[in-house]
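Worksheet: one structure, shown below.
The values are calculated or read from the model by the stated rules, or taken from the named source; none is laboratory data. Everything quoted here is computed from the prediction, not taken from an experiment. So basically every Cβ, Gly included, is an ideal-geometry build from the backbone, and we count neighbours across all protein chains shown. With ligands, DNA and RNA removed, areas are computed over all heavy atoms of the protein, side chains included. Shrake-Rupley method; radii C 1.70, N 1.55, O 1.52, S 1.80 Å.
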Amino acid sequence: MRFQLKKSLASILISGAFSAALTACALADTAPTLIDFHKTIVPILKDSCYACHVPGAAAPYKGGDPILAKKIKKEIGDGTDALTMGDKFPFTDEDPEAKQLKHLEKELTKQMMPPDAQATLGLGLPLSDKNRKILLDWVAQQKKLAQ
């Protein structure tokens, strides 16, 4: 009888441990994966944003054609005045992280950036809906991590 009780108790403990391990694995599978800034975000920014939003960007503001420069300024403004991006976050802009995230979220949500004239003026790749969502998800992630 005692042997059966020990065997039953061992069986219950093993079963409980196995169940706990399965639950832990299931929770790990549902945990959100953090979006990596350098692997995921920087390539998107380089393709669609850096033409206007990095320090010393040669195009479009420093072109030799004053008529074209005036048109560009009228169409898209001065990107480096709005938010200066870089390969680290917070960006090289002097604004605090929270303000940069809020600005980025606003521009992406209202689809103000990149502007429609970007493709016409040859200033990087248009921002796909998929990449816009990735950027917005990253912004939400950063805001949550900052809390």
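Annotations for the structure displayed:
- If R0 is taken as 41 Å, the Cβ-Cβ distance between THR33 and THR120 corresponds to a FRET efficiency of 0.70.
- Among the listed pairs LYS70/LYS130; LYS70/LYS102; LYS46/LYS70, a Cα-Cα separation exceeding 26 Å is found for LYS70/LYS130; LYS70/LYS102.
- Computed in the context of the full set of protein chains, the accessible area of segment 80-147 at 1.4 Å probe radius has 53% of its extent on carbon or sulfur.
- For the pair GLN141 and ALA98, label points projected 7 Å from Cα toward Cβ lie 2.2 nm apart.
- Simple label model, 7 Å out from Cα along Cβ direction - LYS130 to GLU105, nm: 2.6 nm
- Within segment 76-147, trypsin sites (Lys or Arg not before Pro) in DSSP loop having at most 15 other beta-carbon neighbours inside 10 Å: LYS88, LYS110
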